[in-house]
Amino acid sequence: MPGMDADAVVDAAERLRRLVETGDTSIPVTVSLGATTAAPGPQDPTPLIAAADAALYRSKREGRNRVTATTHTASAVGAVPEQAWGNERPGAGVA
């Protein structure tokens, strides 16, 4: 999602999560999502993918059917996330 800030990415992921949850299926379906953002510019995608993957597994550990995201600065790519949140973040609650 190039050009989107962390809040916009979480909002888009939350919309997707809700669509899956409220879909017209014969069995209940939910989704856990993990995302990360980074400053613009060329970067090694490997640590970004690892951060998004870690956020996904955090979603699963903390109750599933949720969005968890991490934010990195360009200099912190591959380092410990400077900020992490799940559905407890205002505006991203489970409906």
Problem set entry | Residue that is modelled with the highest pLDDT, among those in the stretch 76-95 that are within 16 Å of VAL31 (Cβ to Cβ) and hydrophobic (A, V, I, L, M, F, W, C) | ALA92
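Mind listing whichever residues of the stretch 15-48 are out of contact with any Leu (no Cβ under 8 Å at 6 or more places or on another chain) and assigned to a helix (DSSP H, G or I)?
Taking the stretch 15-48 first, the residues out of contact with any Leu (no Cβ under 8 Å at 6 or more places or on another chain) are 15, 18-30, 35, 37, 39-48.
Listed by number, the residues that qualify are ARG15, ARG18, LEU19, VAL20, GLU21, PRO45, THR46, PRO47, LEU48.
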Problem set entry | Residue selected from the stretch 36-75 under the condition of a type in the set (A, V, I, L, M) and touching a helix residue (DSSP H, G or I) at 6+ places or on another chain (Cβ under 9 Å), by the criterion modelled with the highest pLDDT | VAL67
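The values are calculated or read from the model by the stated rules, or taken from the named source; none is laboratory data. On a predicted model such as this, the values are computed, not experimentally measured, just so you know. Note: ideal-geometry Cβ built from the backbone for every residue, glycine included; neighbour counts use all protein chains shown.
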